[in-house]
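Comments concern the structure below.
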């Protein structure tokens, strides 16, 4: 009689060991050790670019610290998780030290598979980068997310002070040829792939609809919405309140659309806790949005 050993499924501990080994290989400047943790079909991704790695390894020593690990889904052969790590760079040659944005906290969305007893990474996507100082503390304000050599849109910079954001931190920033996006997460959730609530501002160089009124009408006519109400409407602006179900979770959102001399903006507060925004908090965000619109129209 023959007994076949059953293949053991992925465990959380194995996934944590995978990223710990990845970060240790990075600190050890072990390019082969980095590569072998990725699936053979995925070793051409930009993170493993030989020339970028060698340039970094030749100039810097890197200290890595894993701050967060969150398992999103897992079965016997596949897993999806996020992890957040902090990298502090120190020049090998002290004479090369200068002020630059090299130190950061990055959160990654990771997919992994188990094949023939080995666990490999098949997707490795950063979704939040926060720049920190040499002590590991967040840089001040939007400077924490603006990449070196880039500038925040003047309208986004102008609008941010209208909102009380003491319990939030800028956690993500994207820049494209004709748009920008900045996202604020609750301070204790800066690492989350799906935070419980977010404040975001989108800039576009132009509005796609023929007018803000048409844009607003199109927006509230989406079939996925459970409820939609226009709270405020002018020729160049609107505030819309919507609710929808996403993966059986209620999402409640306030959205300002604003056309200015700088371009077109969408300013959002999304509450993703499975329940409506608390009344006092809803009034706060609505009041701040109305104030922004009124000030912008009077300038």
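Relative to the dominant Cα principal axis of the chain, helix 50-59 is inclined by about 90°.
Extent along the principal axes, Cα only, for segment 12-131: 51, 25, 20 Å, with the longest axis given first. The long axis of helix 12-27 is offset from the longest Cα principal axis of the chain by roughly 80 degrees. Taking label points 7 Å from Cα along the Cα-to-Cβ direction, residue 294 and residue 45 give a separation of 4.9 nm. Based on alpha-carbon centroids, what's the gap between segment 93-157 and segment 51-80 in Å, whole number please? Measuring centre to centre over Cα atoms gives 11 Å.
Suppose R0 equals 51 Å. What FRET efficiency, 1/(1 + (r/R0)^6) with r the Cβ-Cβ distance, do residue 260 and residue 76 give to the nearest 0.05?
Details: r = 53 Å, r/R0 = 1.04.
Once the sixth-power term is evaluated, E becomes 0.45.
Distance between the modelled labels on residue 14 and residue 236, one decimal in nanometres: 5.9 nm (7 Å Cα→Cβ projection).
Can you sort 42, 273 so the residue with the fewest Cβ neighbours within 10 Å comes first?
Details: 42 17, 273 13.
With the sparsest Cβ surroundings first, the list reads 273, 42.
Largest first and in whole Å, the equivalent-ellipsoid semi-axes of segment 88-177 read 29, 22, 13, each the square root of five times a Cα gyration tensor eigenvalue.
When Rg and the Kirkwood radius Rh are both evaluated on Cα atoms of segment 141-236, their ratio Rg/Rh stands at 1.00. Legend: ranking of residues 275, 23 from fewest to most surrounding C-beta atoms inside 10 Å; resulting order 275, 23. When each of 200, 84 is scored by the number of other beta-carbon atoms lying within 10 Å, the sequence from fewest to most is 200, 84.
Helix 279-298 axis versus longest C-alpha principal axis of the chain: approximately 70°, rounded to the nearest ten. Computed over the chain, the per-residue total of -39500 (n - 2.57) for DSSP H runs of n ≥ 4 gives a 222 nm mean residue ellipticity of -6500 deg cm²/dmol, rounded to 500. Computed extension length for residue 58-residue 225: 54.8 nm, one decimal, from 0.36 nm per residue of separation with the Cα-Cα distance subtracted.
Given a cut-off of 33 Å, what percent of all Cα-Cα pairs of the chain lie beyond it? Intermediate results must be reported in sequence, preceding the final value.
Details: 16516 of 44551 pairs.
Distances greater than 33 Å cover 37 percent of the Cα pairs.
For the residues 80, 132, 142, a GNM of the chain with alpha-carbon springs under 10 Å puts the largest fluctuation on 80.
Modelled this way, with points 7 Å down the Cα-to-C-beta line, the labels at residue 175 and residue 65 are 2.9 nm from one another.
Coordinate-derived values only; no laboratory data. Predicted model, so just to flag it, every value in this text is computed and none were measured. Here the Cβ is made from the backbone with ideal geometry for all residues, glycine too, and neighbour counts use every protein chain on show.
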